[in-house]
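One structure is given here, and the rest of the page talks about it.
Each value in this text was obtained by applying a stated rule to the coordinates, not by laboratory testing. Here the structure is a predicted model, which means the values were calculated and not measured. Methodologically, a virtual Cβ is constructed for each residue, glycine included, from the backbone with ideal geometry; neighbour enumeration extends over all protein chains shown.
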Amino acid sequence: MTTPERHLTEPGQRTFPDATAAEWSDWRWQMRHSVRTLAQLEQLLELTPEERAGCVETAEIFRMGISPYYFSLIDREHPFCPVRMQAIPTKAEARVRPGELLDPLGEDKTRPVPAIVHKYPDRVLFLALDTCSVYCRHCTRRRITKGGEAELNKEELRRGIEYVRAHPEVRDVLISGGDPFLLSEQRLEELLAPLREIPHVEMIRIGTRVPVCLPMRVTDALARTLRKHAPLFVVTHFNHPKEITPEAREACERLVDHGVPVENQAVLMRRVNSDARIIKELSHALLRMRVRPYYLHQMDVAQGLEHLRTPISKGVEILEQLRGHTTGLAVPHLAVDLPGGGGKVTLQPEYVVEHASEGTVFRNFKGERYVYPEPEETDCTCPYDSVWMSQRPRTPSR
Ligand SMILES: *Cc1c(COP(=O)(O)O)cnc(C)c1O
């Protein structure tokens, strides 16, 4: 555990002076004291008119909820603080533009049971609950996390598990929601254990923002529960290096130390992190705590989020400034999840200049021209493969 005293001296906690150190490091205390209303917010910081209007106008559209810990990272002097922009609504969020979608990824078309989105051949998204530790202003699954639409009760979880059991093609289950780490260890166990027992489920992933917004939730008990169900990967959601605090670092390292690999998916957001320098610093800070940058997501075309969308060219430009210039592991895949349900596609800068008779002509990260001569033989079939296919174990060993 952390030395709780440390928090008392940090400026952030002065926002919540009544919290004892023990309370501050108790995730349930954090959840009980989430900032949920305009009145609470106004007691804690001076809102801009845009923010005040945002709170009023989005009240019926989407929940607000900010853990005291995450709130404490907000710069109360600056409305463009990246934490603040992710936590406090602005007027722009209440505006729906033509073409914006309630279900931007067309998930409801591929939702055979309420808890499952089955869009890709060999993997499913499992929606385990509809609550979060912080309601991100950029949430594109808000039709679910706003509550009500998907009351994911025990019966629906059971139907979700049954669906996976009945579909042998599903070898990868990505559990999300809402934030699965808000479930107790016992509830998580009730979900993970039956999934793990299904022979064709080779791996499990859990998407969570808890290491970012509620790092005290990542206890040894949680990490042990996850490790038991290996191979299980945690996919977290840091968007800015400001979010990588000693507490967040401790949470990620606790997972990794227990044998649970952690990956990060960031969302590219205009004026929050839409700059190569920031993404590079984020990637470096992630790698220093053994978290691998996985995706950099182009913002979905979801209702009320146009103000956070970047031109497609921005993400490509950022990758251009990473690839070659820094560690390959620090370069995430730039993904666009196509509006309407097309799924994810990835983009990268174009390095092929032309296909010439001398070979394929490239430019490298410095803009220099190089030729890769093509081989004479092009038959790429693997003669040993039929032998291997007959020899390899039927069920993949773990
Ligand atoms: C993103 C996503 C996945 C996982 O995609 P990967 O590229 O394997 O990480 C699975 N299902 C749905 C519906 C998704 O949106």
Review point. Applying 1/(1 + (r/R0)^6) with R0 = 41 Å to the Cβ-Cβ distance of K146 and E368, what FRET efficiency is obtained, to the nearest 0.05?
Key: 0.20
Check your understanding: If you take the alpha carbon radius of gyration of region 10-94 and divide it by 2.2 N^0.38 Å, what ratio comes out, to two decimals?
Key -> 1.07
Exercise for review: Beyond 31 Å between alpha-carbons counts as too far, so tell me which of K91/K366; K119/K366; K146/K344; K228/K280; K91/K119 fall in that bin.
Suggested key: K91/K366; K119/K366; K228/K280; K91/K119
**Study point:** region 285-398: C-alpha pair distances exceeding 25 Å, %
**Key:** 53
Study note, to complete from the structure: Of the convex hull drawn through the C-alpha atoms of the chain, the volume per residue in Å³ is 163
Study note, to complete from the structure: In this structure, the FRET efficiency calculated for S386 and V316 from their beta-carbon separation, with R0 = 35 Å, to the nearest 0.05, is 0.30
Review point. Along the positive direction of the dipole of region 278-357 (beta-carbon charges: Lys, Arg +1; Asp, Glu -1; about the Cα centre), which of S357, V291, I278 reaches farthest?
Key: V291
Check your understanding: S357 to L287: FRET efficiency via 1/(1 + (r/R0)^6), r the Cβ-Cβ distance, R0 41 Å, to the nearest 0.05?
Key -> 0.50
Exercise for review: Consider a paramagnetic label point 7 Å from the Cα of H333 along Cα→Cβ; state which residues of region 188-210 have an amide N under 19 Å from it.
Suggested key: 202-208
Exercise for review: Measure off 7 Å from each Cα along the Cα-to-Cβ vector at D220 and A166, then give the distance between these two points in nanometres to one decimal.
Suggested key: 4.3
Check your understanding: How large is the charge dipole for the chain, taken about the Cα centre, if only the Cβ atoms of Lys, Arg (+1) and Asp, Glu (-1) carry charge, to the nearest 20 debye?
Key -> 560
Practice item. Multiply the residue gap between K228 and T37 by 0.36 nm, knock off their C-alpha separation, and tell me the result in nm, one decimal place. Key: 64.9 nm
